[in-house]
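Where a number appears in this text, it was derived from the coordinates with a stated rule and is not lab data. Worth saying up front: this structure is predicted, and the values here are computed from it rather than measured. For neighbour counting, all protein chains shown are included, and Cβ atoms are generated from backbone atoms with ideal geometry for every residue, glycine included.
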2 protein chains.
Amino acid sequence: MNQPFFSPRGVVVIGASRDPEKLGYGIARNLVQGGYPGAVHFVNRKGGRLLGRPIYTEVAQVPDPADLAVILIPAPYVPAALEACGERGIRAVIVASGGFRETGPQGAALEAQLVEIARRYGMRMIGPNCIGLLDTHLPLDTTFLPPPGPLAGEIAFLSHSGAICAAITDWAYGQGLGFSRLVSLGNQADVTETDMLSSVADDPHTRVLTFYMEGVSDGRRFVEQARRVVSRKPVVALKVGRYESGQKAAASHTGALAGSEVAFDAAFRRAGVLRAETAEQMFIWGRALAWSPPLQGKRIAVLTNAGGPGVTAADALEANGLQMASLSPQTAETLRSFLPPAANIHNPVDMLASASPEDYARGLRALLADPGVDGVMLILPPPPMFSAGAVAKATIPLIQTAEKPVVVALMGERLIPEAVQHYRSARVPEYRFPEQAAEALAALYRYGEMREESAAREIHPPDVDKEKAASLLADSAPGSWLSPSETAALLGAYGIRTPFGEIAHSPQEAASLAEQIGFPVALKIVSPDVPHKSDAGGLLLGVASPEDAARGYRRILERVSQAVPGAALEGVLVQPMIGDGQEVIAGVVRDPQFGPLVMFGSGGVEVEGLKDVSFALAPLTEPDLEHLLASTWAGRKLAGFRSIPPADRGAVRDVLVRLAQLAADHPQIAEIEINPLRVLLPGQGAAALDVRVKTAEM
Amino acid sequence: MNQPFFSPRGVVVIGASRDPEKLGYGIARNLVQGGYPGAVHFVNRKGGRLLGRPIYTEVAQVPDPADLAVILIPAPYVPAALEACGERGIRAVIVASGGFRETGPQGAALEAQLVEIARRYGMRMIGPNCIGLLDTHLPLDTTFLPPPGPLAGEIAFLSHSGAICAAITDWAYGQGLGFSRLVSLGNQADVTETDMLSSVADDPHTRVLTFYMEGVSDGRRFVEQARRVVSRKPVVALKVGRYESGQKAAASHTGALAGSEVAFDAAFRRAGVLRAETAEQMFIWGRALAWSPPLQGKRIAVLTNAGGPGVTAADALEANGLQMASLSPQTAETLRSFLPPAANIHNPVDMLASASPEDYARGLRALLADPGVDGVMLILPPPPMFSAGAVAKATIPLIQTAEKPVVVALMGERLIPEAVQHYRSARVPEYRFPEQAAEALAALYRYGEMREESAAREIHPPDVDKEKAASLLADSAPGSWLSPSETAALLGAYGIRTPFGEIAHSPQEAASLAEQIGFPVALKIVSPDVPHKSDAGGLLLGVASPEDAARGYRRILERVSQAVPGAALEGVLVQPMIGDGQEVIAGVVRDPQFGPLVMFGSGGVEVEGLKDVSFALAPLTEPDLEHLLASTWAGRKLAGFRSIPPADRGAVRDVLVRLAQLAADHPQIAEIEINPLRVLLPGQGAAALDVRVKTAEM
């Protein structure tokens, strides 16, 4: 966006009010008293003066400069005001007024009118139904939130909810958390979260973006924009509405297990967006992401003056996927040199209650110097003999110059305010509990990981016949299941092996089919009445010649009719011999927001119960592939486990990549499910034993 | 304990110091200035006066009344001081001094000396290495924590860590959280957490017990005491040290999957103790448990003035296992009668930003009156036009008289302090975020559930032959695996069916074994070289007569020698025919703290990878049994799933109860693992197809 939402030379408040109880007064007040350095103009059809300025009765009267308008008047009057802005040459508008789509069809029609007007004049519009935006560094405050405004800081906050925006702003004040920019997005009739994400990321004062999300306007575009942002700055999102979507009826296991939430998870993973579970967590992470150097590894040292907090910290670090560092002998020696004999010089380092500010500084220096330590958690139950503030002063210079992150757990309330202030002013992330400090370190680590992973390119498999697949799909009916032969041909066009075999209805046919397929083959009775083929003598393996195939056909019919008298026998299936192997499920579905999603995991009929599955966006990247395999037992087991021999992991990767490409290339495909995909011994490939393909509804 | 730890008539401080920098001064100060109504005496070999009182140089000189002593002198002098207390007739002692077991073997020896002295005089001792105890209602403060002491309240806090006790006390002040009693347990040389739990529970001012735990001194006794407490008052525990224990090498899957943490989970479940994940969570729960009426069901209504917080609340409630209530038509009508048309009168009820304090009160009254609502979350992003304090005043009378719990999410910081104060004074649980409020409601619900479940009796199965099992075990070597026949006999003595069968080495033997077992039987080749018995012709099912068994023996040998030339053939296994069924795992292990634990879940070789298992203490209760079955896919699947037919759930319950009793009755059993237990169709039972029993080391 080139519109000057964050760099206006002049702001017009349409609906500025002289009544201090009105929100239209609040906007005027915040602009003027908030220190905005540009021109501020007021418009209200009543006229008069406000805060030492004239109130114009028409937008047309407003003098230059005027390039951003904030509208807060009753909904029915907004279209005319917007039109007037267009005429006046204003290209950026915030519509704060409510009474649009959120109130029903009539409001929605009014909102559509706004969009039409904005498009006609080449204007961009934030809102309607929002509380505007705020930049603490310019400064610029177009909201009506009660003063003082938020502290200046390095965290940007975007929100689909105005109430959350207001509540978080107020709450953050007490946390000593400053913001760079705040944006309340409202109904997003024009400007969406995706537009705003990139705009805000360009702000040099913003070091981390946080985002309260209720949905997404264009899934794939969001992923692309967010990926670009993440390459430069961390993005943390709290996505709510998990339980609103519910589960839809689905034809396949893949469809039943997919849904809006797994799609968001997959999208955030691809984009490198950190997904927070609560608003509090978003800012526990945000504080560290804004202020700390990267955490290059998982090995954390804990420095404390008491046992209990050290144990708590160790638990919390491990629970957050980090590790307790093993300290080097040199570090242990350094610690021993100044600590009492009863101190614990191993991680967690417990310096005992007698630890002085100097001890904290010496201990911290030793831990930061240890090459086996990637980051440090400094825990400070106030030492009984010293002030916590003195410990803060002694440690801040070390933390500020360290290339490794140090986070602080400052435990308590009345004994720590001085220390809290020192650390906050020095931009050192401090928390009340070791558990929060551990979460913060984990966020630093995961940002490093996700930033790298999100830079990966999509994998496009070679030797796919896109045209053949397209023509096969063109011939199929919308919203239907493909036949076995169409399915085999479709998957075959993308290089996925589907040894379904064919049904013989006579000994001669069995022999000739076997010859076509290639020896050895397996022969299997086809009968709805014989569930256990093997027990009934309905199975022959390793059939090696046309003659044996013909003989086998006869023998199977004979044995089965004996074993299950009266069973309906539909023929004998002639299949290529597939060796033993591990069986997994692989599928794709199409998410309405994010498009094709790949699923992988433990298959069989129990897939929905075991839920050992994982999802990724199609086409896949290398980290997506590794995630699918590493996050499921089905994937980990491919390496072999106890008496289970290893299987061809490379073949699974290949099938997943091809399946993903097939779905990405052909929007006519609604769902594909391979269940099972039999994975043979390493080097022997994988075979899609049962596949269902559903085409999209028109 | 009859010792007067919480009701002393006189307290002696041994090591009272005149130096305000010393901790021995802090104890004297807190006792005198804290308002303790009994006598306070000081002892210090230096003599002199302190806080208007004489300092005696010997304990023997202290006048009556004196029934509690607090000792804070260097460790080497503690035994003599303790001895002097015993001579003086003091029966309750707190040893605050450090320098004992926590410092190494020498300290441990000194600690053992203390225990010996205490036993000799019939004294009970808290500590050493603790910060003492505190009762805000008596009041009594034997700690050296800096004043003012904690607020008086209804929450008791026990802690294995003194530093955590100090930090939590300080932190809680800022949260407006009051305590009834605080106990720092230290090294627990004599008085343990289990002793203290019951003592503190008897305090009429205490409405909920919270507990920072680093371990347990006697697991089964703890469970018994905690169960009794839970029947009257909720207990919340934060158990740390999760990652210290690590995984031990284990012979069975059950052993590999068990460990200290699952044992604590099982013990807490049996006792009805709520297990918190973090200290913060313990008090989020504690506040609601102390102040709210019981939550009788899961159906929660949300009342708010904005959309975003309502969505967040709905997510959080569902994530915490609660449900969004469906409001009755009457409730909807009442809400519609006073709310604007654009308000949402369905749950979450969004009254819009214009909602007044009266609207909040009317809305709350309507929701509380709805029979489909079990509890309410009231969310208060401060309404722009009204003060949050006014909303608090309008709603408090309703909340205080309601029989259903109401928790409040008061979002923000600068706009809410008045409301916070009102709610806290009125003992209404208030939180900053809907997520925390949802956690609080969930804790209320779970306490109700766990209280009921923990009252359940242990199930003792009929028809077990304890003597027979004992004599079988008496004959077995310690630390060894039982033979198949011993195993079958042991399980048989407890009524668990183990159709292992027996190996025939001739056609005649096959016939006679088949006759013993009863027809029909299955015949299976026994050979290490024939993994796929069926493919090689090594399997015969449904053998119905002695003649067929002898013929079958010959036929199997013949077919297998043809199919796998040169295979070593060890005989033919004659087994009773076991029908098809679901296969699960059932096992027991012995935990060093809590004794026998039962495991149930998905079996096979993949059990350690799938981790679909659950644990409970043996013997089992009805809620334990239901937990084992409901918390695992293996258990849920017994009801049938898609093409999987239902299985004999009752038989699984029976096997679990019998297995649990077997392990509970015989400490010589270290581990039993049934893998698989095949569960037949409903009414047809379950069979332990493969069982391993290991005896305990001596």
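Rounded to 0.05, the FRET efficiency of the A:Arg365 and A:Asp535 pair, given R0 = 41 Å and the Cβ-Cβ distance, is 0.05. Taking 0.36 nm per residue of separation and subtracting the current Cα-Cα distance, fully stretching the chain between A:Ala455 and A:Glu333 would add 39.7 nm. The angle between the Cα long axis of helix B:78-88 and the longest principal axis of the Cα atoms of chain B comes to about 70 degrees, rounded to the nearest 10. Ranked by how many other Cβ atoms sit within 10 Å of their own Cβ, fewest first, the residues B:Tyr423, B:Tyr360 fall in the order B:Tyr360, B:Tyr423. From a point 7 Å beyond the Cα of A:Arg18 in the direction of its Cβ, which residues of the range A:45-69 have a backbone N at a distance under 16 Å? Only A:45-58 fall inside the zone, counting backbone N under 16 Å. Relative contact order of chain A, taken over Cα pairs closer than 8 Å and 6 or more residues apart, is 9 percent.
Among the residues of A:157-166, the average count of other protein chain beta-carbon atoms within 10 Å of the residue beta-carbon is 5.
Partner lysines whose Cα lies under 23 Å from the Cα of B:Lys239, excluding those fewer than 8 positions away in the same chain, are identified as B:Lys248, B:Lys611. Normalising by residue count, the range B:175-329 has a Cα convex hull of 179 Å³ per residue. P(r) tail for the range B:293-454, what percent of Cα pairs lie past 29 Å? The share of Cα pairs beyond 29 Å in the range B:293-454 comes to 10 percent. Altogether, the Stokes-Einstein calculation at 37 °C and 0.692 mPa s, with the Kirkwood radius of the range A:63-146 over Cα pairs as Rh, returns a diffusion coefficient of 250 µm²/s. Remark: A:Leu680, A:Leu617 ranked as A:Leu680, A:Leu617, counting other beta-carbon atoms within 10 Å and listing the fewest first. Amide hydrogen proximity for B:Gly178: with H placed 1.01 Å from N in the peptide plane, the residues at 5 or more positions away or on another chain lying under 5 Å are B:Glu154. At an R0 of 30 angstrom, the distance between the Cβ atoms of A:Phe641 and B:Arg636 translates into a FRET efficiency of 0.80.
Using +1 at the C-beta of Lys and Arg and -1 at the C-beta of Asp and Glu, which of B:Gly178, B:Thr695, B:Leu197 has the Cα lying farthest in the positive direction of the dipole of chain B? Of the candidates, B:Gly178 comes out farthest on the positive side.
Computed from Cα atoms, the angle from the helix A:105-121 axis to the main principal axis of chain A rounds to 80 degrees. Sorted fewest first by neighbouring Cβ atoms within 10 angstrom, B:Val613, B:Val428 come out as B:Val428, B:Val613. Which of A:Pro528, A:Ile517, A:Pro576 sits farthest toward the positive end of the charge dipole of the range A:500-577, with +1 on the Cβ of Lys and Arg and -1 on the Cβ of Asp and Glu? It is A:Pro528, whose Cα lies furthest towards the positive end. Fully extending the segment from A:Ser480 to A:Arg555 would add 23.2 nm, taking 0.36 nm per residue of separation and subtracting the current Cα-Cα distance.
The mean count of C-beta atoms from other chains within 10 Å of the C-beta of residues in A:501-511, rounded to a whole number, is 0. Using a cutoff of 8 angstrom between alpha carbon atoms and counting only pairs six or more residues apart, the relative contact order for the range B:141-204 works out to 36 percent. Look at the stretch A:313-319: the mean tally of other chain Cβ atoms within 10 Å of its residues' Cβ atoms is 4. Expressed in Å, the radius of gyration and Dmax of the Cα atoms of chain A are 32.4, 105. Remark on the range A:541-676: Rg and Dmax equal 19.4, 56 Å (Cα only).
Report note on the peptides B:26-32, A:44-50: ranked by the mean count of other C-beta atoms within 10 Å, highest first, their order is B:26-32, A:44-50.
Against the main long axis of the alpha-carbon atoms of chain B, helix B:279-291 sits at an angle near 70°. If you take every residue apart from B:Lys468 with its C-beta less than 15 Å away from the C-beta of B:Lys468, what net charge results, scoring Lys and Arg +1 and Asp and Glu -1? Neighbour charge sum, excluding B:Lys468 itself: -4. Each Lys or Arg adds one and each Asp or Glu takes one away; over the other residues whose Cβ falls under 15 Å from the Cβ of A:Phe338, this sums to -1.
Highest mean first, the peptides B:477-484, A:92-99 sorted by other C-beta atoms within 10 Å per residue fall in the order A:92-99, B:477-484.
In the assembly of identical copies, B:Asp475 has its label point, taken 7 Å from Cα in the direction of the beta carbon, separated from the corresponding points by 7.4 nm (ascending, one decimal). In whole percents, the pair-distance distribution calculated for the protein assembly as shown from its alpha-carbon pairs, binned every 20 Å from zero, is 9, 30, 35, 20, 6, 0.
Inter-copy label distances for A:Asp64: 10.0 nm (label point placed 7 Å from Cα along Cα→Cβ; shortest first). Excluding same-chain neighbours fewer than eight residues apart, the lysines reachable from B:Lys466 by a Cα-Cα span under 23 Å are B:Lys694.
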